[in-house]
1. Does B:GLY28 qualify as being surrounded by fewer than 13 Cβ atoms within 10 Å (Cβ to Cβ), farther than 19 Å from B:VAL60 by Cα and among the small types (Gly, Ala, Ser)?
2. Please find, within segment A:37-53, the residue that is surrounded by the most Cβ atoms within 10 Å (Cβ to Cβ) out of those that are modelled with pLDDT of 95 or more and of a type in the set (S, T, N, Q).
3. Across segment A:22-36, which residue is nearest to the other protein chains (Cβ to nearest Cβ) among those that are surrounded by 14 or more Cβ atoms within 10 Å (Cβ to Cβ) and in contact (Cβ under 8 Å) with a residue 60 or more places away in the chain?
4. One residue is enough: does segment A:9-21 have a residue meeting the conditions within 14 Å of another protein chain (Cβ to nearest Cβ) and modelled with pLDDT of 95 or more?
5. Return the total of residues in segment A:60-93 being crowded, with 16+ Cβ neighbours inside 10 Å and assigned to a loop (DSSP other than H, G, I, E, B).
6. For segment A:68-77, does any single residue satisfy the condition of being out of contact with any helix residue (DSSP H, G or I) (no Cβ under 8 Å at 6 or more places or on another chain), among the basic types (Lys, Arg) and in contact (Cβ under 8 Å) with a residue 60 or more places away in the chain?
7. Quick one: which strands (runs of 3 or more DSSP E) sit completely within segment B:6-117 and have at least 2 residues that are within 11 Å of chain A (Cβ to nearest Cβ)?
8. Take the residues of segment B:87-102 that are crowded, with 18+ Cβ neighbours inside 10 Å and touching a Ser or Thr at 6+ places or on another chain (Cβ under 6 Å): which is modelled with the highest pLDDT?
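The values are calculated or read from the model by the stated rules, or taken from the named source; none is laboratory data. These numbers come from a predicted model, not from an experiment. Note: ideal-geometry Cβ built from the backbone for every residue, glycine included; neighbour counts use all protein chains shown.
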Amino acid sequence: DAKTTQPTSMDCAEGRAANLPCNHSTISGNEYVYWYRQIHSQGPQYIIHGLKNNETNEMASLIITEDRKSSTLILPHATLRDTAVYYCIVRASGADGLTFGKGTHLIIQP
Amino acid sequence: DTAVSQTPKYLVTQMGNDKSFKCEQNLGHDTMYWYKQDSKKFLKIMFSYNNKELIINETVPNRFSPKSPDKAHLNLHINSLELGDSAVYFCASSQAPTRGRSSQPQHFGDGTRLSIL
């Protein structure tokens, strides 16, 4: 799996949009970009994934650059419950496990 | 209606003991996984398993063995527990990729917290 680079931590004010960047400059053509988060004492939670096109679901939006070397996860209206470690992972389809990095610790400030 | 459930949630035991963790998923998935999260919070894949194939992370000691009585369960058995086995163990499941649905997210349980005395 390609490596990803994320900031160690970020702050965001409650009610504002949280934009979490991820660099994956060595991504291969068949690799997807996945985002998971882990809230303290819980298991990782799937958020969203994409290949080339931007994606949106009820939790977040994923913006992937045209060259696919970076992406941004957007939480449109952050709440205190969004405080968590957010992991950006790139992998090809398959039944192999995920390779988690250190992630970004997002802290939502009241 | 928990999707991926793990038992026990906490386990405190002594070095040298043998223990098993249970994992059950009610999502109808055909692939299951075990991950280990150590004290530094790094999450690492240990095993991935479906009814056809077991993929083992080569760094996992052979004291660890997954056991699957059926498609909805993947238990983890550990022999001769060591201090370094203290960690949180997460189970996950996903649907195997198929043509037209080539990328499937994994759904995680809330973990078994193992402490070795």
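1. Details: surrounded by fewer than 13 Cβ atoms within 10 Å (Cβ to Cβ): yes; farther than 19 Å from B:VAL60 by Cα: yes; among the small types (Gly, Ala, Ser): yes.
Taking the combined requirement at face value, the residue satisfies it.
2. A:GLN38
3. A:TYR32
4. If we filter segment A:9-21 for residues that are within 14 Å of another protein chain (Cβ to nearest Cβ), which is where we start, we get A:9.
If we keep only those that are modelled with pLDDT of 95 or more as well, we get A:9.
Taking every residue of segment A:9-21 in turn, at least one turns out to be within 14 Å of another protein chain (Cβ to nearest Cβ) and modelled with pLDDT of 95 or more.
5. Going through segment A:60-93 one residue at a time, the tally reaches 5.
6. Restricting attention to segment A:68-77, the residues satisfying the condition of being out of contact with any helix residue (DSSP H, G or I) (no Cβ under 8 Å at 6 or more places or on another chain) are A:68-74, A:76-77.
Filter once more, so that each one left must be among the basic types (Lys, Arg): A:68-69.
Right, trim to in contact (Cβ under 8 Å) with a residue 60 or more places away in the chain and you get none.
No, the conditions are met nowhere in segment A:68-77.
7. Working: elements: B:10-13, B:19-25, B:31-37, B:43-50, B:54-56, B:64-70, B:73-78, B:87-94, B:112-116.
The qualifying strands (runs of 3 or more DSSP E) are B:31-37, B:43-50, B:54-56, B:87-94, B:112-116.
8. The residue in question is B:TYR89.
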